[in-house]
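> Dropping the structure in here first, questions after.
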């Protein structure tokens, strides 16, 4: 990705040609070998870190005029702290262990900075000028530095993560292999949310075809090139192919023959609406000691309006049987299933998926979890969520 960054961004290429020791790290541009004076007038070396903002898959602009600095506050030749560097103490999680951000800095000229060249040159003149004069050193070392965090599951840079400074939290997902069993109304939204989560791999299972009713309760638009009557796996594989790596969607149901496909799975979402299918899936996941969240919707029309409940239930291997014995999910088919009218609407399918994905991210440590709920119920009529702890 670094070479692509240089190739498609002339200002960053100019910095490299000048001799700056550039690298990428978790969506940030890092400029190493920045000399400066400490409070004793001694020579020190730091690094400038800038947050990148993508305009498309290949081009990047500055997020703002500020920088982060790995180093103590720089001093001038007069032994006083260099002025006009607003900001203060700040930490930032990077993959590189040799760059430890200690503070943020802000120095904005009239009219701002037109590009990265003007920005870096100005900050280097301010920070490094005294050290360059006293010790005859230069930040233009032409040193080649390995970029960190370039290997990404996404096919373009996730600059929102770096901008929000949550790269350390995103690392919780890097070894996750997630299975989504059922790509219907709720499962398709789970897939959409997980596709935008930096898990290593996503496996999806659904043997059904994609029909008109699926278009009304799934994310995205209906393509003009004949998605209808194709398998859901094929349809969704095509939709996310240009977004990220690591998605494998299979047109098959889950049963004992799928043990090989599930061998590396670290977490699963069960998004099926048939009790007997759910029972067999539970059996297999519990046998393989895979933690999972099962979702369900029970909606019906009462008099003049639709009411009902959404459910998300977590089954961890240690207490999965106990949770199963509570009969929180339907594990059998009703005799009159063929006469039942199944009410599903996109916003409630999406909300059901949200409950499941948020709980998963709590379990991984991405979201704060103060209650440890393993069973969630959302009631439509009063918009309340009821949670039950384990």
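No lab work stands behind these numbers, since they all come straight from the coordinates. Bear in mind the structure is a predicted one, so any value in this text is a computation, not a measurement. A quick note on method: Cβ atoms are made from the backbone with ideal geometry, for glycine too, and the neighbour counts reach across all protein chains shown.
> Could you work out how far helix 185-195 tilts from the main Cα principal axis of the chain, as a 0 to 90 degree angle to the nearest 10?
Here the helix axis deviates by roughly 20 degrees.
> Hey, in the GNM for the chain with a 10 angstrom Cα cutoff, which one of 237, 303, 362 fluctuates hardest?
Sorting by GNM fluctuation, first place goes to 303.
> GNM on the chain, C-alpha springs below 10 Å: top fluctuator among 137, 265, 199?
Per the Cα network of the chain with a 10 Å cutoff, 137 tops the list.
> Any chance you could run the full-extension gain for residue 266 through residue 230? It's 0.36 nm times the residue separation minus the Cα-Cα distance, nm to one decimal. Don't skip to the end; give the middle numbers.
Values: separation 36, 0.36 × 36 = 12.96 nm, distance 2.90 nm.
Answer, rounded to one decimal: 10.1 nm.
> Return one number: the angle in degrees, 0 to 90 and rounded to the nearest 10, between the long axis of the Cα atoms of helix 346-364 and the longest principal axis of the Cα atoms of the chain.
Orientation of helix 346-364: about 60 degrees from the principal axis.
> Test of understanding: what is the full-extension gain from residue 118 to residue 276, defined as 0.36 nm times their sequence separation minus their Cα-Cα distance? Walk me through the numbers before you get to the answer.
Details: separation 158, 0.36 × 158 = 56.88 nm, distance 6.48 nm.
Extending this stretch completely gives an extra 50.4 nm.
> Taking the Cβ-Cβ separation of residue 7 and residue 221 as r and a Förster radius of 45 Å, what is the calculated FRET efficiency to the nearest 0.05?
Details: r = 32 Å, r/R0 = 0.71.
Step by step, r from the Cβ atoms, then E = 0.90.
> Pairing the Cα long axis of helix 116-135 with the longest principal axis of the chain, what angle in degrees results, from 0 to 90 and rounded to the nearest 10?
So the inclination is approximately 40 degrees.
> At 37 °C and 0.692 mPa s, what whole-number value in µm²/s does Stokes-Einstein give for the translational diffusion of the stretch 168-389, with Rh from the Kirkwood sum over Cα pairs?
Values: Rh = 17.9 Å.
Rounded, D is 184 µm²/s.
> Counting each pair of different Cα atoms once, what's the Kirkwood radius of the stretch 2-148 in Å, rounded to one decimal? Before the final figure, lay out the partial values.
Numbers: mean 1/r = 0.0648 Å⁻¹.
Kirkwood hydrodynamic radius for the stretch 2-148: 15.4 Å.
> May I ask for the distance between the Cα centers of the stretch 190-215 and the stretch 60-92, given as a whole number of Å?
45
> Just 100, 153, 49 to compare: in a GNM of the chain, with alpha carbon springs under 10 Å, which one fluctuates most?
Maximum among the listed residues: 100.
> As a footprinting exposure proxy, order 69, 282, 172 by other Cβ within 10 Å, with the fewest listed first.
Numbers: 69 23, 282 20, 172 16.
With the fewest neighbours first, 69, 282, 172 line up as 172, 282, 69.
> Then there is this: Provide the gained length on full extension for the span residue 138 to residue 326, in nm with one decimal, where the gain is 0.36 nm per separating residue minus the Cα-Cα distance.
On the way: separation 188, 0.36 × 188 = 67.68 nm, distance 6.91 nm.
That pair, residue 138 and residue 326, stretches by 60.8 nm at full extension.
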